[in-house]
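Read the structure below first, then the notes.
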Amino acid sequence: MKPSHPDHAAPPDANARKALAPVICYPVETLPRPDLATYRAARAGWTRTTTVLVPPRHARCFTVPAGHFFRITSVDGPQVGDLNLWNANNLAERFYSGKTRALHGTHLSSGDRMWTSHPHLRPMATITDDTLDWYGFDAFGGAVHDVIGTRCDPYTHNLLSHGGQYHHCCHSNLTRALAHERGLSLPEAETHVHDVLNVFMCTGFTRDTGQYFMKASPVRPGDYLEFFAEIDLLGALSACPGGDCSSEHSSDAAACYPLQIEVFAPVAPPQGWMSPAPNGYDRSHGL
Ligand SMILES: [Zn+2]
């Protein structure tokens, strides 16, 4: 974190340098903006095809065909979920949290997209509804559904707790769920687990030290985040051992609740929709 007493003196023009206005790294005006009205119109008359209940401190996998929707819903009590997504036909193509953050910002909501890893880099899911969109940013700079946290994991816990062994961090939950779903060994499955979308989690960076913070999620039973599958998806969702993440994770101390996943088949896909092709870069890399 940035030192409060730096080793090096500021130059005479430090204030002028600091006063320069920021420039958005990736102006997204050139990206095709999803037409939410068209997506939402496709929900009329849809059929629920799958319901999965994710038990607290565990994860479950689910599949969503391209052109279908899925929802993650809070049931019973406040709970955050850690979401991994893969191309169901190629686990090497998976959610790219960092680039999604660079394109859409630190927290996602309706109209934002989840992008896949290089060399594919295409939308894999579009967020079509978010009942927590009223929250915006609070006075601390907190917001919900972040792509800044990675996932709670037993390795970081081991470092910070001087040797602790905890087995129900989201990283381990996702690993077990994927191993079970695809018949993989735990070490094989673990290589596919990646940085998540933190569904319902309320997070930000402290203004003074820039540290990652969490606070109690505002989620209430019935709240949901809804997605449209742009490609065939395999998902895994962990009900984080942190519960609503108001105090701590990587332990069994917090109250935890299940999360519900539902998959819906529309009568017809959104008008004019086509599953996006892999990225158009030719991959010659200058040779
Ligand atoms: Zn977690």
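Looking only at residues in segment 123-158 that are of a type in the set (Phe, Trp, Tyr) and either more than 15 Å from the ligand (Cβ to nearest atom) or surrounded by 18 or more Cβ atoms within 10 Å (Cβ to Cβ) (or both), which one is farthest from LEU83 (Cα to Cα)?
Pass one, segment 123-158, residues of a type in the set (Phe, Trp, Tyr): 134-135, 137, 140, 155.
With the extra rule that they be either more than 15 Å from the ligand (Cβ to nearest atom) or surrounded by 18 or more Cβ atoms within 10 Å (Cβ to Cβ) (or both), the set shrinks to 134-135, 137, 140.
Details: TRP134: 22, TYR135: 20, PHE137: 22, PHE140: 25 Å.
Going through the qualifying residues, I end up with PHE140.
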May I ask you to list pairs of residues, at least six apart or on different chains, whose Cβ atoms are under 8 Å apart, with the first in segment 52-66 being assigned to a loop (DSSP other than H, G, I, E, B) and modelled with pLDDT of 95 or more and the second being surrounded by fewer than 20 Cβ atoms within 10 Å (Cβ to Cβ) and among the polar types (S, T, N, Q)?
ALA66/SER275
Taking ALA236 as the residue in question, decide whether it is among the hydrophobic types (A, V, I, L, M, F, W, C) and either at pLDDT 90 or above or surrounded by 15 or more Cβ atoms within 10 Å (Cβ to Cβ) (or both).
yes
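Within segment 219-262, restricting attention to residues that are part of a strand (DSSP E or B) and within 13 Å of the ligand (Cβ to nearest atom), which residue is farthest from ALA66 (Cα to Cα)?
Checking each candidate, the answer is ALA239.
Hey, among the residues in segment 71-122 that are of a type in the set (D, E, K, R) and within 24 Å of TYR281 (Cα to Cα), which one's farthest from the ligand (Cβ to nearest atom)? So that I can check it myself, show each step before the final result.
Here is the first cut: in segment 71-122, the ones of a type in the set (D, E, K, R) are 71, 76, 82, 93-94, 99, 101, 112-113, 122.
If we keep only those that are within 24 Å of TYR281 (Cα to Cα) too, we end up with 93-94, 99, 101, 112-113, 122.
Details: GLU93: 24, ARG94: 18, LYS99: 22, ARG101: 18, ASP112: 21, ARG113: 23, ARG122: 27 Å.
Among those that are of a type in the set (D, E, K, R) and within 24 Å of TYR281 (Cα to Cα), it is ARG122.
Which one is surrounded by the fewest Cβ atoms within 10 Å (Cβ to Cβ) among residues in segment 239-255 that are closer than 13 Å to ALA59 by Cα and touching a strand residue (DSSP E or B) at 6+ places or on another chain (Cβ under 7 Å)? Spell out how you get there, then give the answer.
Looking only at segment 239-255, we keep the residues that are closer than 13 Å to ALA59 by Cα, and these are 239-241.
From the residues that got through so far, the ones that are touching a strand residue (DSSP E or B) at 6+ places or on another chain (Cβ under 7 Å) too are 239-240.
Working: ALA239: 26, CYS240: 33.
Per the criteria, the residue is ALA239.
Please return the ranges of strands (runs of 3 or more DSSP E) entirely within segment 110-209 where 2 or more residues are touching a residue at least 40 places away in the same chain (Cβ under 8 Å) and farther than 22 Å from ASP232 by Cα. Walk me through how you get there before you give the answer.
Numbers: elements: 113-115, 123-130, 143-146, 197-205.
Passing ranges, in order: 143-146, 197-205.
The values are calculated or read from the model by the stated rules, or taken from the named source; none is laboratory data. Here the structure is a predicted model, which is why all the values come from computation and not from measurement. Backbone-built Cβ (ideal geometry, glycine too); neighbour counts: all protein chains shown.
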